[in-house]
Amino acid sequence: MSIPRDTVRSTSLKELWSIAEDSAAEHGKEVHREDWGLVVGLHLAESKKEAFKDIRVGSGRLVTEYFGNTLGNEVPNVPQDEIVDFMVEHNQWIVGTPDDCIAGIERLQEISGGFGSFMIRVEDWAPREKIMRSYELLARYVMPHFQGSLVGIQTSNQWAAQRKDALQANRVAGLQRATDSYYANRE
């Protein structure tokens, strides 16, 4: 399991994987990318602006007060209200819409060389209802994308969209036949 942390060390995710491979080889073992997981801070909302607003204050306090003051970790050298922007720009957190999250996970896959699992850190950086909504958006839109559970729905949608003119013509013709038949039988 790895946590992208440019603020603590300058080791890239690809370098972390190389370290894992070297260490495993030294001990006569093998590591597999499908067993490697990344842990990332994440918050989603209906808009990117809303997501950033939801956690701007709480995330700044979390990083400076808890990670910095309590744990003694290095803190980004930016104002507290810009920490969320810094963390997102440095691929340490994913904040935005479900589409932003999908793009962020795919970006992490690319810069790391690939990984098997994606985990999110639970943070108290927003009101409970905002955090729960973020989890709902993750479960409803992001997870199905990576699990392949949308393929059938997307295929069906594309099939119907490609045939919409013919389907509409048949629908209209069917309604006209039913209307004509109804009125013909009333006379």
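The values are calculated or read from the model by the stated rules, or taken from the named source; none is laboratory data. What you see is a predicted model; the values in this text were computed from it and never measured. Positions of Cβ are generated from backbone atoms using ideal geometry, with glycine treated the same way; all protein chains shown enter the neighbour counts.
Residues are listed down the side, and each one gets a yes or a no for (1) at pLDDT below 95; (2) exposed (fewer than 15 other Cβ atoms within 10 Å of the Cβ); (3) closer than 30 Å to G148 by Cβ:
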position	(1), (2), (3)
A51	no, no, yes
R56	no, no, no
R107	yes, yes, yes
I111	yes, yes, yes
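Give me the pairs: first residue in segment 83-108 and free of Cβ contacts under 8 Å to residues at least 40 places away in the same chain and under 10 Å from F52 (Cα atoms), second residue hydroxyl-bearing (S, T, Y) and not in a helix (DSSP H, G or I), beta-carbon distance under 7 Å, and six or more apart or on different chains, which are they?
So the pair list comes out empty.
Does M119 satisfy being free of Cβ contacts under 8 Å to residues at least 40 places away in the same chain and surrounded by 11 or more Cβ atoms within 10 Å (Cβ to Cβ)?
On the way: free of Cβ contacts under 8 Å to residues at least 40 places away in the same chain: no; surrounded by 11 or more Cβ atoms within 10 Å (Cβ to Cβ): yes.
It is false that M119 is free of Cβ contacts under 8 Å to residues at least 40 places away in the same chain and surrounded by 11 or more Cβ atoms within 10 Å (Cβ to Cβ).
Please work out if M87 is closer than 18 Å to E46 by Cα, assigned to a helix (DSSP H, G or I) and of a type in the set (A, V, I, L, M, F, W, C). Explain how you work it out, then say what you get.
Details: closer than 18 Å to E46 by Cα: no; assigned to a helix (DSSP H, G or I): yes; of a type in the set (A, V, I, L, M, F, W, C): yes.
In short, no.
Scan segment 103-117 for residues that are assigned to a helix (DSSP H, G or I), closer than 13 Å to V39 by Cβ and over 14 Å from the mean Cα position of the chain (by Cα) and report the count.
Taking segment 103-117 as the starting set, the residues that turn out to be assigned to a helix (DSSP H, G or I) are 103-112.
Checking which are closer than 13 Å to V39 by Cβ leaves us with 105, 108, 112.
Next, only the ones that are over 14 Å from the mean Cα position of the chain (by Cα) stay: 112.
Here the count works out to 1.
Among the residues of segment 69-84, what is the count of those that are in a helix (DSSP H, G or I) and surrounded by fewer than 16 Cβ atoms within 10 Å (Cβ to Cβ)? First the steps, then the outcome.
Taking segment 69-84 as the starting set, the residues that turn out to be in a helix (DSSP H, G or I) are 69-70, 80-84.
Remaining after also requiring surrounded by fewer than 16 Cβ atoms within 10 Å (Cβ to Cβ): 69-70, 81-82.
Matching residues across segment 69-84 total 4.
Specify which of the listed residues (E46, E74) is in contact (Cβ under 8 Å) with a residue 40 or more places away in the chain, under 19 Å from V142 (Cβ atoms) and not hydrophobic (A, V, I, L, M, F, W, C).
E46
If the Cβ limit is 7 Å and pairs must be 6+ apart or interchain, which residue in segment 138-155 that is over 19 Å from S47 (Cβ atoms) and assigned by TED's automatic domain parsing to the domain that holds A51 pairs with which residue that is at pLDDT below 85 and surrounded by 11 or more Cβ atoms within 10 Å (Cβ to Cβ)?
P144/L150
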